[in-house]
Amino acid sequence: MTAGEILDLRPPANLVSGRAVLYWAARAALGWLIVLAAELLWLFVGDGGRPLGVVLLATTVAALAHLIVMPQWRYRVHRWEATPEAVYTQSGWFNQERRIAPVSRIQTVDTKRGPLERAFSLANLTVTTASARGPVHIHGLDLGTAQRLAAELAARTQASAGDAT
Amino acid sequence: MLAVHPVQEAFRYLPVLVGVLFIGGRGQGHLWSLIGLGLAVAGGLLRWFTTTYQITPTHVRVRRGLLRRQELSVPRDRVRSVDLTAHPMQRLLGLNRVVIGTGRADRGQEGVTLDALARAEAAALRGELLRRSPAVADVGTGAGIEGGGPIPATDAFAITTLVPSWIRFGPFTLSGIATIGVVAGSLANLFNESRVAPREFGLLRAVADQLASVPAGVAVAEVAVATAVVVALLSAIAYVLAFWNFRLTRQNGTLHVARGLLTTRSTTIELRRLRGAEISEPLLLRMVGGARCLAITTGLRVGLGAEHGGSILLPPAPLPEARRVAGEVLGDSGPVTAALTRHGRRARRRRHVRAFAFAALVTGFFVLMWWLFGWPAWQWQASCALFGIGALLAEDRYRNLGHALVAGRLVFRGGGLVRRRHMLASEGVIGWTVRRSFFQRRAGLVTLTATSAAGHQHYSTVDIPVSEAIALADAATPGLLTAFLRRPPS
């Protein structure tokens, strides 16, 4: 390293599926809908008056901003890469996190799909190590990619010996 | 031997029995209590009859339960630690409880527990379990016992034993606060149960009358001083109870910790499971030059508070002693004494900004409330002190921050209210996490976390400049990061 050079990790090579943007938006929208529905109910049933109208407007604006900005931002951040030696991921949006787990220390590889993810035919991949704090998650993978990656990692993990602690 | 377990059960309910016979007195209460006692004894008897264990050349098996049969089977080479405890009643009856640590990280599982084994049997079991099978010995650190003969007791090396003058650190551990809570709780309960008003006691009445007769300020001061004295006293007592006869020895590739005045506890840790050590200095203890030393090892539950489960290697003691013990345990004093790399100007600014922001938020809230709703002014005036205190703590936290890689061991130091120095063997690192918050990204800092199967499962250092973090991680686990490094165009 010479003077002035900044040593850093490069971002992982692969983006997650493009449908993940819609999935994140839909998931956030569901959350906001509950809040909005509660406020509307209050507006009609109760006697909120003008302050509640202002709150409702503010909520709508915040929800729209969140729905437009967050999924795009998240999509640009979420990346993953698997080499024969390690699994490397990047996640988050406001706060970002990069995780590296050596393949030789992998204990389990799971794919998981919730109802909403199934609607978008996406899957989550979770790679766990012997550390309770070390799981590596890849969210919003295309289903086919997730299954192929899981099979690949499981095969590589079997090749390494020891109890991985 | 057969009767011992139910006897223990009956003894455990002895206070209840006494309470029933001598305090209750009215109605059918004590008939029901007697029936309850009978059921408890019968339950103990049943548990005793239905629990069996078996040590085979490859596995430890425990079978228990009458209706819901449960069978636990653990491969012997997964046994990481054997923990023998005996509370006073068990000591009276010559019994030990054996907990076999198996390295499962999920905390809900208690490992394999055998309650109430005869002392000699428990010791033999421990010897048997930690005697490595030949297949395991050659994977280990080399000095394993081949063929599995009995452990010769000749080469035990005492690393440290409790010096009575260390009890002076007891009051600074504040472990007495928990005791006060328990005592106050049971006193309140007693008054409640016995339907005696506290005012009927002369001593309490005298105290209450005296407090009422002096000005409020003096009363508060009196209560504060009394509480401090009681906490200090109880903490010292708790220290003696927990750590009397403390002894740390090394023998045949195991570390052996024995301690306790009434409840005795002895823990055996295999050295090949040891991934490092921690020196922790809570602020009060640090002010009087004290420190604790803890083991970072796989297979021991990590507790909270003064006892830290089974992982304690040295109770609160002088800092040089803690350093010496850590050095002995790691087999190298380098990681313990090495100077650490500071995290620099930007890390320092972040500490100060955070402390300032917190103080500003609290003070701002009180000013707003005072201005809008007429809350008393002394609240925001008092909270101005947060700026000073916050700056001091921030400076201290910055000065404590540091990292190094010494002799294959990753050293992280951090924290303010509890300063901790973690020394983790780099082969114990099973993954990295590099976290950047929004503000850290702007300052070019990261939080570097090494995940591990041992101890707290993850060890972090905050606000480390990004290129230092990556260089450190790359040096600790050579090759792992190489494919992901960004080489700036040269």
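None of B:Ile296, B:Ile279 is at pLDDT 90 or above and β-branched (Val, Ile, Thr) except B:Ile279. Evaluating B:Arg435 against the criteria (1) touching a residue at least 12 places away in the same chain (Cβ under 8 Å); (2) more than 9 Å from chain A (Cβ to nearest Cβ); (3) closer than 30 Å to A:Gln90 by Cβ; (4) of a type in the set (D, E, K, R) leaves one unmet condition, (2). Inspection of segment A:136-143 identifies at least one residue that is closer than 30 Å to A:Ala159 by Cα and either at pLDDT below 85 or within 14 Å of chain B (Cβ to nearest Cβ) (or both). Quick check: is even one residue across segment A:83-90 in a strand (DSSP E or B), surrounded by 12 or more Cβ atoms within 10 Å (Cβ to Cβ), within 12 Å of another protein chain (Cβ to nearest Cβ) and in contact with a Phe, Trp or Tyr (Cβ under 6 Å, 6 or more places away or on another chain)? Looking for residues that are in a strand (DSSP E or B), surrounded by 12 or more Cβ atoms within 10 Å (Cβ to Cβ), within 12 Å of another protein chain (Cβ to nearest Cβ) and in contact with a Phe, Trp or Tyr (Cβ under 6 Å, 6 or more places away or on another chain), one finds at least one in segment A:83-90, hence yes. Note on segment B:41-59: residues that are touching a Pro at 6+ places or on another chain (Cβ under 8 Å) and closer than 24 Å to B:Thr298 by Cα amount to 2.
Across segment B:450-462, the number of residues qualifying as surrounded by fewer than 22 Cβ atoms within 10 Å (Cβ to Cβ) and either within 8 Å of chain A (Cβ to nearest Cβ) or over 27 Å from A:Arg74 (Cα atoms) (or both) comes to 3. For B:Leu417, the conditions (1) surrounded by fewer than 19 Cβ atoms within 10 Å (Cβ to Cβ); (2) over 24 Å from A:Trp93 (Cβ atoms); (3) within 25 Å of the chain's Cα centre (by Cα); (4) at the interface with chain A (Cβ under 7 Å from one of its Cβ atoms) all hold with the exception of (4). In the set (1) in contact (Cβ under 8 Å) with a residue 60 or more places away in the chain; (2) in the same structural domain as B:Phe439 (by TED's automatic domain parsing), B:Ala322 fails one condition alone, (1).
The condition of being without any contact (Cβ under 8 Å) to a residue 60 or more places away in the chain, part of a strand (DSSP E or B) and not aromatic (Phe, Trp, Tyr) does not hold for B:Val462. If only residues of segment B:463-478 that are more than 7 Å from every other protein chain (Cβ to nearest Cβ) and surrounded by fewer than 18 Cβ atoms within 10 Å (Cβ to Cβ) are counted, the one that is nearest to the chain's Cα centre (by Cα) is B:Ala475. Can A:Leu125 be described as surrounded by 14 or more Cβ atoms within 10 Å (Cβ to Cβ), in contact (Cβ under 8 Å) with a residue 12 or more places away in the chain and under 15 Å from A:Thr89 (Cα atoms)? So A:Leu125 passes the test. Counting only residues that are over 29 Å from B:Thr451 (Cβ atoms) and among the aliphatic types (A, V, I, L, M), which one in segment B:242-279 is surrounded by the most Cβ atoms within 10 Å (Cβ to Cβ)? Among residues in segment B:242-279 that are over 29 Å from B:Thr451 (Cβ atoms) and among the aliphatic types (A, V, I, L, M), the one surrounded by the most Cβ atoms within 10 Å (Cβ to Cβ) is B:Ala242. Here A:Ala65 clears all of (1) without any contact (Cβ under 8 Å) to a residue 24 or more places away in the chain; (2) over 17 Å from the mean Cα position of the chain (by Cα); (3) outside any helix (DSSP H, G or I) except the condition numbered (3).
Conditions (1) modelled with pLDDT under 80; (2) hydroxyl-bearing (Ser, Thr, Tyr); (3) exposed (fewer than 14 other Cβ atoms within 10 Å of the Cβ), marked per residue:
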{"residue": "B:Val74", "(1), (2), (3)": "yes, no, no"}
{"residue": "B:Arg80", "(1), (2), (3)": "yes, no, no"}
{"residue": "B:Leu84", "(1), (2), (3)": "no, no, no"}
{"residue": "B:Glu110", "(1), (2), (3)": "yes, no, yes"}
{"residue": "B:Arg132", "(1), (2), (3)": "yes, no, no"}
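The values are calculated or read from the model by the stated rules, or taken from the named source; none is laboratory data. None of the values given here were measured: they were computed from a predicted structure. Glycine also receives a Cβ, built like all others from the backbone with ideal geometry; neighbour counts cover every protein chain displayed.
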